[in-house]
1. Quick check: is even one residue across the range A:394-402 in contact (Cβ under 8 Å) with a residue 12 or more places away in the chain and touching a Lys or Arg at 6+ places or on another chain (Cβ under 7 Å)?
2. Assigned to a loop (DSSP other than H, G, I, E, B), open to solvent by less than 10 Å² (accessible area, probe 1.4 Å) and closer than 24 Å to B:V446 by Cα - does that describe any residue in the range A:453-461?
3. Go through the range B:311-348 and count every residue that is more than 24 Å from the chain's Cα centre (by Cα) and either under 16 Å from A:E291 (Cβ atoms) or without any contact (Cβ under 8 Å) to a residue 24 or more places away in the chain (or both).
4. Kindly indicate whether any position in the range B:417-434 is part of a helix (DSSP H, G or I) and free of Cβ contacts under 8 Å to residues at least 24 places away in the same chain.
5. Looking for something within 25 Å of the chain's Cα centre (by Cα) and without any contact (Cβ under 8 Å) to a residue 40 or more places away in the chain - is there at least one such residue anywhere in the range B:53-67?
6. Hey, any hits in the range A:242-250 for a residue that's in contact with a His (Cβ under 7 Å, 6 or more places away or on another chain), open to solvent by less than 20 Å² (accessible area, probe 1.4 Å) and at pLDDT below 95?
7. Filter the range B:400-438 down to the residues that are open to solvent by less than 40 Å² (accessible area, probe 1.4 Å) and away from chain A (no Cβ under 12 Å) and list them by number.
8. I want to confirm something. Restricting to the range A:101-120 and keeping residues that are open to solvent by 30 Å² or more (accessible area, probe 1.4 Å) and assigned to a loop (DSSP other than H, G, I, E, B), which single residue is farthest from the other protein chains (Cβ to nearest Cβ)?
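The values are calculated or read from the model by the stated rules, or taken from the named source; none is laboratory data. Since this is a predicted model, take the numbers as computed values, not measurements. Here the Cβ positions follow ideal geometry from the backbone for every residue, glycine too, while neighbour counts run over all protein chains shown. Quick note on the areas: whole protein, heavy atoms, side chains included, nothing else; ligands and nucleic acids left out. Shrake-Rupley method; radii C 1.70, N 1.55, O 1.52, S 1.80 Å.
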Number of protein chains: 2
Amino acid sequence: MEQLSELVQLVGETHVLIEPALKAQYEEDWRGRFSGVAKAVVRPGSTEELAAVVCWCHEHGVPIIPQGGNTGLCGGAAPDDSATAVILSTERLNKIRAVDTDNDTMVVEAGCVLQVIQEAAAEAGRLFPLSLAAEGSCTIGGNLATNAGGTQVLRYGNARDLVLGLEVVTAQGEIMHGLRGLRKDNTGYDLRNLFIGSEGTLGIITAATLKLFPQPVAQCTAMLALESVEAAIQMLNLARQGFGPALTGFELMGRNCLEAVVDCYPEQRLPFQGPSAELPWYALLELSDSESEAHARERFEAVLGDAFEQGVVADTVIAESGAQSAALWHLRESIPLAERTMGTGIKHDISVPVSSFAAFIEQTNAKIQALMPNIEHVIFGHLGDGNLHYNVMSGTAYTQDELLAKEHDISRLVYDAVHQFSGSISAEHGVGLLKRDELPLYKDPVELKLMRAIKQALDPKNIMNPGKLVDLSRE
Amino acid sequence: MEQLSELVQLVGETHVLIEPALKAQYEEDWRGRFSGVAKAVVRPGSTEELAAVVCWCHEHGVPIIPQGGNTGLCGGAAPDDSATAVILSTERLNKIRAVDTDNDTMVVEAGCVLQVIQEAAAEAGRLFPLSLAAEGSCTIGGNLATNAGGTQVLRYGNARDLVLGLEVVTAQGEIMHGLRGLRKDNTGYDLRNLFIGSEGTLGIITAATLKLFPQPVAQCTAMLALESVEAAIQMLNLARQGFGPALTGFELMGRNCLEAVVDCYPEQRLPFQGPSAELPWYALLELSDSESEAHARERFEAVLGDAFEQGVVADTVIAESGAQSAALWHLRESIPLAERTMGTGIKHDISVPVSSFAAFIEQTNAKIQALMPNIEHVIFGHLGDGNLHYNVMSGTAYTQDELLAKEHDISRLVYDAVHQFSGSISAEHGVGLLKRDELPLYKDPVELKLMRAIKQALDPKNIMNPGKLVDLSRE
């Protein structure tokens, strides 16, 4: 039987938490949807200490649950009820090791809070573009372990696209020194991308070399009123062609999303009145310019003018100030909270090819209406990335119980449709526990077999976040 | 003993080449530096046929050498002398399966020639930006297997950054159906990036879903005269800040590179005269604009004007026409051929962090001069990507034999310096046979161990391009 006193020797007494009251905040996720009991919570203070803890766990066959800010949505950082696992928190690995403005890189430890990294980049006159709702408390280690998405993906890509190198502690407790700041390096397998998005099941990311970008000089924002999803896709095409890489936001939302926001938050206002306020779809468009306010505005209005003349957009509201721009973004960002007032919801974070969006929505809505007539669809998301939040709400037609009784059928119907359109059942949130058992239904069986082979090769004792993402016991 | 007649049944008689005269062009690389003898060359006509061939090889333990356009520089597609391996050519998998302008993707088979793909994208009004010297004969399968670089990396990234999904035949002959056209998909390990850059040692890429981009509306090109490498890095910073993502080219070259070009090709001319023609460094700068010729020009001149006022650049020549722009690029692209007139060369395709370029060049040049006084340094490359071609030429001071006698010492000195500056000994050409035995000297041992574990997990019989990149026999 392993002795926790050995762990105390490795990291110090105050960083091995055993008391239930001390462990509690690590054992339950922030939404209270996943919880369990850990043997202990261990908080190493350096990569070397963390490696020593993993060595000890490896030797004794103790499961490890890596944890950053504990803000995930799929239960990837939660223990089970067995009290056998150690939660390994990276919170004390929180140093920014270096900022290099000539190389446009920074080296950060896994436990750095995303917002702290954004601010350090800004202080150096650069942009680190990863941005998401939890940025005040999530850590870069968790962002990378789950390949986080967010609002800047259209221009800068997902978390994996923002990384040049990694330091990783393997399942055997060895340190992989891969913190290269190189934009070109063709010397072997891409281990960096293998660890990114592996949800702590192959090793623990302890530090990363991140890419920095120039800060935009000016931004323009508009809300567009649209007759159809097809029109939104035409508008996206015009924006991609007209703005090139200056296109930094294209968010689609249904009319009922905006109406729910103003119902819920009376201080917010609908951007349109009259007939434009009756259209079914709206899009938030953003351009980020590297020249000047005047240039950004001229360019923005030229593309929107063309779109209006071609009949692609029915109406536009262009923000005239930073405050107006913030108000338009605030409408979009308030949708998830306002959604709660529409009743119980069944949520799906999915992606399909942009060219299939219209057909996917039309066909899937129709199938769900056939199952539950007059149910409410709440559809919004990052159209530019092909990522939709496709949610189904009880609305006024059904009670919570009536909806939940059909939850399984509805989700099956949605995921089957996603699969039919060659989409993904988890676009940006990952798999964790939440979708682990869905994965074998939709993932290519050869891909699943390769994933299992890699997991077994890199973690043969299955101690790294066991039971998350890939369930080896079910093979 | 396996029967080749079984292969004939799988792909047809005309596509199993056994005659030496028919095999020859596949058995030697285009520069004549790597050659051997294959048991046969097999040319399947579909992914299913290719999978059947791999199944057969797997069953009989026959080594497979995947081959695209056979234009690699590191011997990755060459057989050894044992006549035991099958060269598996993808040349008949040459269909463009789909072009989707709404999703900005195209699906292409591995044997498609890069230039054919570029042209198909252009016909659809889009840009596929991968561009390199061999584009008229290299195939996308080879480009992806080696994660090719080229001249557009600064803006669009390496080959891996241009791919959304892959179809792969595994070492067991199973087909992985991963041709997703999604910009967001967080459902498991990143198998796509694992196969990209694995040089055919883990499986065979048979098709890919590629990203398409808007075509630029206008481009500006200039040659800059610079006092130092430090000044070049300052200029790169100004260009990154001023042009943002419109910066599409930043190539550095020493004065002797340009002089060699005009010596060799008298129809070409040096861009500068007088004192500017005596400066040690030159840079080719390119901007790609999504608006107009006038806008591109205005923006280009503003940034160059600032750079001149700040004393960062000593002199500039801005191309006044497409022909002048082509002439400036032609100077740059003629360097590798002109280099031959400077004597025998020892070449290194390396990268270091941009911020270390000046120190790397100064220190490494000094060490080489100490070893061989008055030897000629030929230094040029993609400064914006941190990728240099750092070559050492006999010049007039040494004979070919004198230089070659020191080849090992010089390369060791260069690679040691690269390692000291946290760089890469193969920035864009890969490892193959050429650098396989160098890799263990410089790669992190934990990374090497992980690479071997993955190779053994995915190809336990070691039939996929054995002996390339990772040498399992030497463990």
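1. Among the residues of the range A:394-402, not one is in contact (Cβ under 8 Å) with a residue 12 or more places away in the chain and touching a Lys or Arg at 6+ places or on another chain (Cβ under 7 Å), which makes the answer no.
2. Yes: the range A:453-461 contains one or more residues that are assigned to a loop (DSSP other than H, G, I, E, B), open to solvent by less than 10 Å² (accessible area, probe 1.4 Å) and closer than 24 Å to B:V446 by Cα.
3. Result for the range B:311-348: 5.
4. yes
5. The answer is no; no qualifying residue exists.
6. no
7. B:L403, B:I410, B:S411, B:L413, B:V414, B:A417
8. A:T101
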